[in-house]
Every structure is written in C-alpha cells, then in structure tokens.
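Below is one structure; the comments refer to it alone.
The values are calculated or read from the model by the stated rules, or taken from the named source; none is laboratory data. The model shown is predicted, which means the values in this text are computed figures rather than measured ones. Here Cβ is always computed from backbone atoms with ideal geometry, including for glycine, and neighbour counts include all displayed protein chains.
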Amino acid sequence: MGGNTVRRAARAQKPEQMLNGRHQPRPSQLDPFKPHLDRRWAEGHTNAIRLHAELKELGYQGSYQIVSHYLRPRWRQRIRVVGPAPPGVRQVTGWMMRHLDRLRNADREQFAGILSRCPELAAAEQLVRGFVEILTTRSGQHLKDWVSAAQAEDLPALHTFAHGLEKDWDAVLKGLTTRWNSGPVEGRVNHIKMIKRQMFGRAKLPLLRKRVLLTAAQGRAARQDAALIEQRHELERGSDHAG
C-alpha cells in the first residue's frame with residue numbers, strides 16, 4: 001500500500017473521503033430532486049413513470065432511465081419483502097361451503113376478516129349456508145323465504161339462481177321436501193355415459209345397447225353372488241353357535 005493511500009486514510013473523516021476522484025460518484029442532474037423522490041417513495045408512490053413526470057414539472061431535464069436506475073435498488077428490496085399470499089377464490093369458496101366448526105382456527109379468523117371487509121360476500125355466505133340447511137334437512141317450506149332474501153340482496157348471480165328455482169317451483173319444492181329424488185336415474189345416466197366414453201366414439205348405438213345390457217347383467221349376477229356368499233356365512237355362523 002502506498003504512502004499517499006495511508007495518509008488519505010488517516011486524514012479521512014468518513015469512508016467517502018478515502019475514495020480518489022476516479023471512484024467518486026459524479027454529480028447528476030437528479031441530485032437536487034432525490035429528496036423529493038425519497039419522500040414520494042416513503043409515501044407509497046413507486047411508479048417510476050409517474051415520478052419522472054412529477055420531476056419534469058419541477059424542472060428536471062434528465063431522462064427516465066436515470067430515475068429508474070436510482071429507484072431500482074428500492075424495487076429489488078421491495079420485491080424481497082413478500083408477505084403471505086392472500087387466499088385464492090377457490091380457497092375462500094371452500095371455506096364458505098364447509099361448516100365453520102370444521103375450519104382451522106387460523107382459516108376461520110382469516111375468513112371472518114374477509115367477510116367483515118366485503119358486505120356482499122358476507123350476504124352471499126349467509127344465503128349459501130341457508131340454502132344448504134334447506135337442502136340437507138329437507139325443509140322446503142322455507143324455500144320461499146330464502147328466495148325472497150336472495151332477491152333482496154344486490155347479488156346478480158343469486159338472482160339468476162333464484163329465478164331458475166321459480167321456473168320449476170313445484171319440482172324443486174318436492175325435491176327439497178320429500179325423500180324421493182332423481183339420484184338413481186342420474187347415477188344410471190352417468191354409468192351409461194362412462195360406458196360410451198370407453199368406446200372412444202367408434203361404436204354406434206347397437207354396440208352401446210349390448211354393452212349396457214351386459215354390464216347390467218354382470219352387476220346383477222355379482223349382487224346375487226354376494227348375497228349367496230352372505231347367506232352361506234350366516235349359515236356357517238349359525239352352525240358354529242349351535243355346536
């Protein structure tokens with residue numbers, strides 16, 4: 001290390017004074033405006049284009065690139081500080097469809113916070129839970145009150161749903177009141193669709209008919225075999241007790 005370097009280090013009051021002219025930062029057109037940028041950044045304004053426009057109104061003659069280069073380290077630091085991601089639509093929908101007692105404490109608190117900040121979502125949540133209650137308890141006598149409550153809220157999607165219920169009111173009311181439903185028929189239709197998909201669209205109706213009948217016969221035979229096996233086990237258990 002040279003003597004000049006040692007003397008410069010000994011005389012320096014701060015680290016910047018130890019730098020020679022080659023490494024010292026050169027004056028910039030942005031220097032008089034840096035306090036303004038720092039203040040605006042602290043206020044939450046981080047758009048470089050808007051900040052550059054503000055500086056031009058204050059008399060700045062430099063380019064946008066100089067402003068962007070000055071703010072770039074702050075952007076990088078801001079990107080590194082990332083908080084927890086907010087819950088997605090699917091996650092919030094799942095919370096709404098499940099009973100509150102089955103949610104974790106953290107999820108329940110977060111869900112309550114979301115509902116408190118969004119009155120529309122809170123109203124939708126109450127209507128959804130009310131309809132689930134009608135559906136699971138077969139209390140169709142309350143459906144009319146539910147439709148009136150849904151139409152009173154500013155929720156277009158639920159308005160459409162309620163209007164659809166009214167178009168087929170008698171069938172919907174019986175479906176939500178009696179124990180009879182179209183579940184077995186829908187299950188059979190889905191079973192036929194599954195058989196049709198297994199043929200990859202290369203077979204026509206005659207083959208589909210044969211496969212459906214064959215599958216039904218095989219299922220009936222399997223159920224009969226299972227019943228015979230169960231009867232045999234019952235007889236064996238009865239003989240063991242008698243012995």
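Is it the case that some residue within segment 163-184 is touching a residue at least 40 places away in the same chain (Cβ under 8 Å) and assigned to a helix (DSSP H, G or I)?
no
Only one of (1) farther than 30 Å from E133 by Cα; (2) among the charged types (D, E, K, R); (3) surrounded by 14 or more Cβ atoms within 10 Å (Cβ to Cβ) fails for R108. Which number is that?
Failed condition: (1).
What's the total number of residues in segment 170-198 that are of a type in the set (K, R), surrounded by 10 or more Cβ atoms within 10 Å (Cβ to Cβ) and under 30 Å from H142 (Cβ atoms)?
1
Sort out which residues of segment 151-168 are surrounded by 15 or more Cβ atoms within 10 Å (Cβ to Cβ) and of a type in the set (D, E), and write them in order of number.
Once the filter is applied, which keeps residues that are surrounded by 15 or more Cβ atoms within 10 Å (Cβ to Cβ) and of a type in the set (D, E), segment 151-168 yields only E153.
The rows are residues; the columns are (1) touching a Cys at 6+ places or on another chain (Cβ under 7 Å); (2) over 30 Å from P86 (Cβ atoms); (3) in the same structural domain as W95 (by TED's automatic domain parsing).
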residue	(1), (2), (3)
S116	no, no, yes
A124	no, no, yes
S139	no, yes, yes
W146	no, yes, yes
L158	no, no, yes
F161	no, no, yes
M199	no, yes, no
V212	no, yes, no
A221	no, yes, no
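Given segment 1-96, what helices (runs of 4 or more DSSP H) lie entirely inside it while holding 3 or more residues that are within 34 Å of the chain's Cα centre (by Cα), surrounded by fewer than 13 Cβ atoms within 10 Å (Cβ to Cβ) and at pLDDT below 90?
64-80
Determine the pairs where a residue that is farther than 13 Å from E125 by Cβ, located within segment 90-111, has a partner that is at pLDDT below 90 with Cβ atoms under 7 Å apart, the partner being 6 or more residues away or on another chain.
Filtered contacts from segment 90-111: Q110/P87.
When you look at A222, is it within 18 Å of I134 (Cα to Cα) and either more than 43 Å from the chain's Cα centre (by Cα) or among the hydrophobic types (A, V, I, L, M, F, W, C) (or both), yes or no?
When the stated conditions are applied, A222 does not pass them.
Going by what's in this entry, would G201 be described as loosely packed, with under 12 Cβ neighbours inside 10 Å, of a type outside the set (A, V, I, L, M) and at positive phi?
Answer is yes for this residue.
Which of (1) in contact with a Gly (Cβ under 7 Å, 6 or more places away or on another chain); (2) part of a loop (DSSP other than H, G, I, E, B) does I134 not meet, given it meets every other one?
Condition not satisfied by I134: (2).
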